[in-house]
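Please treat every number below as a calculation from the coordinates, not as lab data. All values reported here derive from a predicted model rather than from experimental measurement. Every residue, glycine among them, receives a Cβ derived from its backbone with ideal geometry; neighbour counts consider all protein chains shown.
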Amino acid sequence: MPRRSAPPVPPARPSDDPSSEVPVPLPEDDFITALKADLARSQESAQARTGEDLTKRAALNQRLLQDLWEVHNQFEDASIHLTIEPSQTLFATFSDYPHTWMFKENFDFGSVKTLELKDRTQGWLGFTLRFWYYAAPEGRTRFRGIFEWCDGESYHRYTGWMRMMSQAVLYDEPEAAVNVRDLHRILKDTVVAWYGAHLEHAAEKFIEHLKEKYPKGASYAKESYRS
C-alpha cells in the first residue's frame with residue numbers, strides 16, 4: 001500500500017508581539033563616530049606612553065640588576081650571605097656561576113617593579129636594600145630606594161612576637177627623572193658602609209650611618225620568625 005506523504009508545514013505567521021521582532025540597528029550619528037575616534041586616539045596614546053616608559057624602565061632595571069648582582073658576589077666572597085630579588089635564575093644565564101653570566105633575552109625587564117638585596121647573615125636578618133616603582137598621588141610614577149633594618153623585637157598580647165622595622169630613604173625621584181649617576185653614588189656609599197659594618201661585626205655603626213646621612217622613612221611592625 002503506498003505511503004501517504006506528510007502534509008506541507010504551513011509558513012509561520014508573523015508574531016503580533018513587537019518584542020519578538022529583530023530590531024534594526026540605527027545608523028551611526030555624529031556622536032558615535034566622534035566617540036569611536038576619540039577612544040581610538042586615547043588607546044593609541046596610552047599604548048605609546050606605556051611602551052616608552054617600559055623601554056626606559058627595562059634599561060634601568062637591567063643596569064640595577066647588574067649592579068646588585070655584583071654587590072651580591074662581592075659580599076659572598078667575604079662569606080656575607082645575600083639574596084637578590086628577582087632571583088638570578090630568572091634574569092641570568094651562567095656559564096661559570098656566579099661571576100660569568102649574561103642576561104636572558106626572554107626575561108621581561110620592564111615588568112620588574114621591585115629590586116632588592118636581603119641580608120641572610122646570622123644577626124643581620126631584616127637588613128634589606130630595596131628599590132621599587134610606585135604611583136604618586138599626582139598620577140606620575142616615582143622610583144624610590146630605601147634601606148630597611150630591624151630595630152629589635154617586642155611581644156604583643158594579641159599578635160605575639162613582632163619585629164620593629166625602620167627605614168632610611170636613599171632615593172626618591174620621578175621615574176622619568178632618575179639619574180643613574182646619582183643612584184650609583186648613593187649605592188656606593190651605602191654598600192661600602194654595609195660591607196664595612198659586616199667586617200667589624202658592628203651593625204649599629206651602619207644604622208647610625210644611615211640615620212645621619214639619609215632621611216627617615218617608614219617605621220612599622222611585622223611578624224617575627226619566632227615560633
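Would you mind ranking R63, R140 by Cβ crowding within 10 Å, fewest neighbours first?
So the ranking, lowest neighbour count to highest, is R140, R63.
In nm, give the distance between the simple-model label positions of E204 and M102, each being 7 Å from the Cα along the Cα-to-Cβ direction.
Distance between the two pseudo-spin positions: 5.0 nm.
Just going by the charge dipole of segment 60-223, with Lys and Arg at +1 and Asp and Glu at -1 on Cβ, which of W194, S219, N61 is farthest out on the positive end?
The listed residue farthest towards the positive side: S219.
Using Cβ counts within 10 Å as a stand-in for footprinting exposure, how do Y214, Y134 rank, fewest first?
Fewest-to-most ranking of Y214, Y134: Y134, Y214.
What residue among I84, W149, F109 has its Cα farthest toward the positive end of the dipole of segment 60-223, where the charges are +1 on Lys, Arg and -1 on Asp, Glu, each on the Cβ?
Farthest towards the positive pole: W149.
For segment 74-216, calculate the relative contact order in percent as a whole number, restricting contacts to Cα pairs under 8 Å that are 6 or more residues apart.
Relative contact order for segment 74-216 comes out at 16 percent.
Need one number: nm distance between label points at T114 and K213, each 7 Å from Cα along Cα→Cβ, rounded to one decimal.
Taking the two extended label points, one gets 2.5 nm.
Estimate the FRET efficiency between A58 and D30 by the formula 1/(1 + (r/R0)^6), using the beta-carbon distance for r and 41 Å for R0, to the nearest 0.05.
0.45
Just to be sure I understand the model, the point goes 7 Å from the Cα along the line to the Cβ. What's the resulting D182 to T83 distance in nm?
Placing both labels 7 Å along Cα→Cβ, they lie 3.2 nm apart.
Can you pick out the pairs among K56/K104; K113/K205; K56/K118; K56/K113; K113/K211 whose Cα atoms lie more than 20 Å from each other?
K113/K205; K56/K118; K113/K211
For T121, project a label point 7 Å along Cα to C-beta. Then give me every residue of segment 63-92 with its amide nitrogen under 19 Å of that point.
68-85
Which value, in debye to the nearest 20, describes the size of the charge dipole of segment 60-223 about its Cα centre when Lys and Arg Cβ atoms bear +1, Asp and Glu Cβ atoms bear -1, and nothing else is charged?
I would put it at about 400 debye.
Counting other beta carbons within 10 Å of each residue's own, what order do F103, F131 fall into, fewest first?
Arranged by neighbour count, lowest to highest, F103, F131 become F103, F131.
What is the dipole size for segment 52-122, taken about its Cα centre, with +1 at each Lys and Arg Cβ and -1 at each Asp and Glu Cβ, in debye to the nearest 20?
160 debye
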